[in-house]
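Encoded as structure tokens, the structure appears first; notes follow it.
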Amino acid sequence: MRRHSASALSQMLARSIQQLVIELLPAGQRDGHEWRCGSLGGEKGQSLAVHLHGTRAGVWADFSSGEKGDSLDLVACCLYGGNRRDAMRWAENWLGLNTADSMAPIQRRPILEKVKTSELDKEAQQRRAKARRLWQETPAGIAGTPVESYLAGRGINLRQLGRAPGALRFAPAVWCAEVRKPLPAMLAAICGPNGKMVAVHRTWLQKSPSGTWVKADLQNPKKVLGSFAGGCIRLWRGASGKALDLAPTGDVAIVAEGIETALSCAIACPEYRVLAAVSLSNMASMKLPDTLTEITVAADNDCENPAARKALHAALSQFAQQGRTVRLAMPEIQGQDWNNVLTHHDKDTGHNGP
């Protein structure tokens with residue numbers, strides 16, 4: 001019986017990658033030209049991305065753990081703990097190349113009709129267009145809006161900075177699929193390396209019994225509309241006052257995961273540029289100009305989370321490999337982020353900021 005090489009099997013799996021990801025990672029969902037899920041375990045999320053078409057079809061990366069590979073590696077990691085030999089036998093059976101040997105723990109399903117590249121591109125374009133439309137239809141500025149109130153409740157008094165970040169807006173009614181109705185939301189523009197908006201981050205808000213604005217009581221109060229891999233939220237320009245793509249040589253930036261943490265850093269260190277990576281898994285993928293020679297990663301103290309540790313290490317390593325000076329700033333107390341530090345400081349001092 002003829003055996004096929006690992007390279008040949010990988011190529012054949014890649015040609016059926018759209019069916020393969022549905023079988024291996026059924027809880028994932030298509031996001032433009034990628035299949036996205038939380039990890040190799042297949043749960044919902046954004047950390048693991050598998051290319052669905054083109055020359056990179058089947059290529060995948062888990063930005064939380066740093067693992068990556070081709071379509072055969074995906075089978076090996078999902079089903080056999082990384083054992084490629086077992087994965088090769090499974091692939092031969094799944095592809096119909098070996099009728100005598102059945103290794104596959106998953107029953108092969110009828111081949112699904114492939115989604116054309118143009119259809120995938122069209123879907124990604126529609127999501128991006130929807131995000132841009134939402135942003136453009138929302139008035140600029142957050143002064144006097146529930147967004148300003150919500151951030152103030154988190155200890156973030158943006159009036160200390162003299163101006164509010166242009167990357168934030170307040171929308172009084174944004175559709176929330178979880179409750180199937182529109183809710184007030186804080187919007188944040190996620191931009192690519194060229195400064196163009198690629199996605200919108202939404203934080204749904206609600207009024208508390210005391211009348212203050214807080215994060216909505218939802219299972220997922222924060223969601224992104226559009227694909228944002230490699231992008232970031234440009235929250236503060238620092239001393240230079242210049243856009244990220246025009247950052248002067250020697251510029252220093254603080255990179256945080258979330259919006260509230262990043263804004264807390266801007267309050268404490270307004271001389272530095274401040275960026276939000278949207279997710280820890282995206283941090284290592286951020287496309288930043290070479291003129292940013294120093295980066296401080298303002299990380300959450302989440303030491304007991306192995307996925308978070310791996311993603312953080314991947315980001316630090318990536319920035320260092322790019323020739324930048326990299327520093328790590330982390331709160332001393334387990335489970336805290338820099339917004340916790342800011343709010344605790346305010347309570348201790350009675351001030352509205354550090």
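Values for this structure:
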{"read-out": "Of all residues in segment 311-327 being touching a strand residue (DSSP E or B) at 6+ places or on another chain (Cβ under 6 Å) and within 17 Å of S281 (Cβ to Cβ), the one that is least open to solvent (accessible area, probe 1.4 Å)", "value": "F319"}
{"read-out": "Pairs with Cβ under 9 Å, 6+ apart, first in segment 68-85 and closer than 12 Å to A6 by Cα, second of a type in the set (S, T, Y) and open to solvent by 40 Å² or more (accessible area, probe 1.4 Å)", "value": "D70/S7; L72/S7"}
{"read-out": "Where G82 falls short, out of the listed (1) out of contact with any strand residue (DSSP E or B) (no Cβ under 7 Å at 6 or more places or on another chain); (2) in a loop (DSSP other than H, G, I, E, B); (3) among the small types (G, A, S); (4) open to solvent by less than 10 Å² (accessible area, probe 1.4 Å)", "value": "(4)"}
{"read-out": "A262 under 23 Å from L151 (Cα atoms), open to solvent by 10 Å² or more (accessible area, probe 1.4 Å) and in a helix (DSSP H, G or I)", "value": "no"}
{"read-out": "For N339: the one exception among (1) touching a His at 6+ places or on another chain (Cβ under 9 Å); (2) open to solvent by less than 20 Å² (accessible area, probe 1.4 Å); (3) at pLDDT below 90", "value": "(1)"}
{"read-out": "Residue within segment 95-109 that is at pLDDT 85 or above and either open to solvent by 50 Å² or more (accessible area, probe 1.4 Å) or of a type in the set (G, A, S) (or both) present", "value": "no"}
{"read-out": "Which listed residue, of A229, A216, is open to solvent by less than 70 Å² (accessible area, probe 1.4 Å) and either without any contact (Cβ under 8 Å) to a residue 40 or more places away in the chain or within 18 Å of A131 (Cβ to Cβ) (or both)", "value": "A229"}
{"read-out": "Only one of K207, K242, K223 that is open to solvent by 10 Å² or more (accessible area, probe 1.4 Å), out of contact with any Ser or Thr (no Cβ under 7 Å at 6 or more places or on another chain) and closer than 16 Å to R169 by Cα", "value": "K223"}
{"read-out": "Strands (runs of 3 or more DSSP E) completely within segment 1-72 that count 3 or more residues being open to solvent by less than 30 Å² (accessible area, probe 1.4 Å)", "value": "34-37, 48-51, 60-62"}
{"read-out": "Verdict on A229 being farther than 30 Å from C176 by Cα and either assigned to a loop (DSSP other than H, G, I, E, B) or at pLDDT 90 or above (or both)", "value": "no"}
{"read-out": "Breaking point among (1) in a loop (DSSP other than H, G, I, E, B); (2) under 23 Å from L161 (Cβ atoms); (3) free of Cβ contacts under 8 Å to residues at least 60 places away in the same chain, for V278", "value": "(3)"}
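Residues checked against (1) under 28 Å from S285 (Cβ atoms); (2) at pLDDT below 95; (3) in contact with a Phe, Trp or Tyr (Cβ under 6 Å, 6 or more places away or on another chain):
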{"site": "V147", "(1), (2), (3)": "yes, no, yes"}
{"site": "G155", "(1), (2), (3)": "no, yes, no"}
{"site": "K181", "(1), (2), (3)": "no, yes, no"}
{"site": "K222", "(1), (2), (3)": "yes, yes, no"}
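The values are calculated or read from the model by the stated rules, or taken from the named source; none is laboratory data. Here the structure is a predicted model, which is why all the values come from computation and not from measurement. In this analysis, Cβ positions are derived from the backbone assuming ideal geometry, glycine residues included, and neighbour counts consider all displayed protein chains. For accessibility, only protein heavy atoms count, side chains too; no ligands or nucleic acids. Shrake-Rupley method; radii C 1.70, N 1.55, O 1.52, S 1.80 Å.
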